[in-house]
Structure formats: structure tokens, C-alpha cells
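The values are calculated or read from the model by the stated rules, or taken from the named source; none is laboratory data. Keep in mind that what you see is a predicted model, and the values were worked out from it rather than measured. With ideal geometry, Cβ positions are generated from the backbone for all residues, glycine too; neighbour counts draw on all protein chains shown. The accessibility values were calculated without ligands, DNA or RNA, using every heavy atom of the protein model including side chains. Shrake-Rupley method; radii C 1.70, N 1.55, O 1.52, S 1.80 Å.
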Amino acid sequence: MKLPVCVILSGGKSSRFGCDKTLVKFNECDTLTEFCVKRYGEIFEKIFVSAKNDKFGGKFRLLLDKSSEFSPMNALFSILENFKNEKVFIVPADMPLVEFSTIYSLYENSTNEKICVAKESKRIHFLCGFFSSEIADLACSLAKKNEHKIENLCKKAGFKSVEFQNSGQFLNINYQSDLLKVKI
């Protein structure tokens with residue numbers, strides 16, 4: 001069974017990485033973002049990429065951020081306002097290894113939840129999970145109040161976190177040295 005919608009976040013600064021990590025060659029793909037689109041495309045009907053501009057030259061279906069500010073809350077609002085009555089899986093491009101079984105489990109657990117995100121022993125991953133389009137207005141309201149942490153949105157909307165044992169699947173590629181830790 002294919003899941004409905006996945007949006008890959010590719011609009012960050014990449015300041016710790018030193019260059020735009022979403023455009024770095026990754027595995028057999030031209031970019032890290034392309035790798036994510038192909039990989040997650042195996043289990044989703046529709047794949048979109050969220051970014052500030054079309055830095056990919058028309059290669060992907062884009063959802064452009066409405067704000068020039070680098071804010072996960074603004075990006076989330078810009079994404080969710082495009083959908084009606086739908087659960088959207090959100091995952092950062094720098095988290096390319098989330099296991100399909102994890103995604104399916106999150107989806108199953110999101111049935112009665114506005115937000116359902118992944119958790120491991122050390123932390124909750126507030127940008128890896130299913131978000132209901134009905135919280136778009138709340139995300140917009142928080143962004144206007146300069147509240148940009150997705151954790152705050154989760155707490156205000158109500159959320160469920162599902163714990164997974166394999167923490168390696170949540171590896172964030174924040175530094176160039178992190179590329180050496182990735183095993184595919």
C-alpha cells in the first residue's frame with residue numbers, strides 16, 4: 001500500500017555543513033534531495049520538495065516557502081496550506097534513512113492524531129512524522145508570533161510520539177563528516 005503524501009524539507013541554511021547540503025551528490029544520485037525523492041517515492045503516491053526557490057531546476061514538484069525567513073514553522077505552514085483533510089509526512093532532506101516500517105507505523109498511529117512524530121531513546125524528532133493539514137492555521141499563527149519551534153506547535157495542537165529502537169535511521173547529516181556515517 002502506498003501512502004498519500006510526503007514532503008521533503010530542503011529549505012534550510014545548511015550553515016553547519018558549509019554549503020547547501022541538499023545539493024550535495026549523495027550515493028548514486030546527483031543530490032541528497034534526489035536520493036530522498038527516489039527513496040521515499042517507493043512508498044508514497046505523491047512526493048513534493050519544500051524549498052525557498054527552485055534550486056533544482058524544475059526537477060521536482062515544489063512547494064515554495066512563503067517567507068524568506070529560515071523558519072521551520074513558516075515552512076510547515078507553507079506546506080500544509082496546500083492540502084485539505086490530509087495527513088502529510090514531513091521529513092528533512094538531511095534525514096534520508098528513515099525506515100519504511102517506521103513510516104508505516106507512524107501513519108498507522110496518526111489515525112486519531114493531528115501530529116504523530118518519531119521518537120528514539122535520546123529525543124523526539126519533531127520534523128519526522130505525519131501532520132494533519134487542519135493545523136495549518138495554528139502554524140501560521142505561531143509563526144506570526146515569532147514562535148518557530150515545531151515542538152511548540154506539537155504541544156499546542158496535541159501530538160503523539162512513537163518510539164523506535166533503531167536510532168541510526170534518524171541520523172541528521174549536519175556536517176560533511178556525517179556523510180561518512182551513512183551506510184546504505
Next item on the list: Return yes or no: is K66 of a type in the set (K, R), free of Cβ contacts under 8 Å to residues at least 40 places away in the same chain and over 17 Å from T33 (Cα atoms)?
Entry: yes
Checklist line | Residues within the range 83-123 that are in a loop (DSSP other than H, G, I, E, B), of a type in the set (F, W, Y) and open to solvent by 40 Å² or more (accessible area, probe 1.4 Å), tallied | finding: 0
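Mind checking which residues of the range 157-171 are farther than 15 Å from F77 by Cα and outside any loop (DSSP other than H, G, I, E, B)? Quick ask: steps written out before the conclusion?
To start, the set of residues in the range 157-171 that are farther than 15 Å from F77 by Cα comprises 158-171.
Within the range 157-171, K160, S161, V162, E163, S167, G168, Q169, F170 qualify.
Based on what the data block shows, is L23 at pLDDT below 95 and either farther than 22 Å from I150 by Cα or buried (at least 22 other Cβ atoms within 10 Å of the Cβ) (or both)? Working first, answer last.
Details: at pLDDT below 95: yes; either farther than 22 Å from I150 by Cα or buried (at least 22 other Cβ atoms within 10 Å of the Cβ) (or both): yes.
So L23 fits the description; yes.
Would it be correct to say that F126 is in contact with a strand residue (DSSP E or B) (Cβ under 8 Å, 6 or more places away or on another chain) and open to solvent by 10 Å² or more (accessible area, probe 1.4 Å)? Outline the logic, then answer.
Details: in contact with a strand residue (DSSP E or B) (Cβ under 8 Å, 6 or more places away or on another chain): yes; open to solvent by 10 Å² or more (accessible area, probe 1.4 Å): yes.
Taking the combined requirement at face value, the residue satisfies it.
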Check: Could you list, in sequence order, the residues of the range 35-82 that are open to solvent by 20 Å² or more (accessible area, probe 1.4 Å), farther than 21 Å from Y104 by Cα, outside any loop (DSSP other than H, G, I, E, B) and not aliphatic (A, V, I, L, M)?
Finding: P72, N74, F77
Note to self: So in the range 140-151, with the set limited to residues that are under 19 Å from I124 (Cα atoms) and part of a helix (DSSP H, G or I), which one is most open to solvent (accessible area, probe 1.4 Å)?
What the structure shows: E151
Next item on the list: Determine if the range 38-52 includes at least one residue that is aromatic (F, W, Y), at pLDDT below 95 and on the phi < 0 side of the Ramachandran plot.
Entry: no
Margin query: Go through the range 175-184 and report how many residues are open to solvent by less than 40 Å² (accessible area, probe 1.4 Å) and polar (S, T, N, Q).
Written below: 0
Next item on the list: Just name the residue that is farthest from F70 (Cα to Cα) out of those in the range 1-34 that are part of a loop (DSSP other than H, G, I, E, B) and hydroxyl-bearing (S, T, Y).
Entry: T31
Item checked: Residues that are touching a residue at least 60 places away in the same chain (Cβ under 8 Å) and within 26 Å of E69 (Cβ to Cβ), drawn from the range 153-169 -> L153
Note to self: For the range 18-74, give me the residue count where each residue is under 16 Å from L97 (Cα atoms), more than 15 Å from the chain's Cα centre (by Cα) and among the polar types (S, T, N, Q).
What the structure shows: 2
Checklist line | Residues (open to solvent by 50 Å² or more (accessible area, probe 1.4 Å), out of contact with any Asp or Glu (no Cβ under 6 Å at 6 or more places or on another chain) and under 29 Å from L138 (Cα atoms)) located in the range 153-174 | finding: K155, K156, F159, E163
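Collect the residues in the range 87-136 that are acidic (D, E) and over 19 Å from K181 (Cβ atoms), keeping them in residue-number order.
Going residue by residue through the range 87-136, those that are acidic (D, E) are 94, 99, 108, 113, 120, 134.
Listed by number, the residues that qualify are E108, E113, E134.
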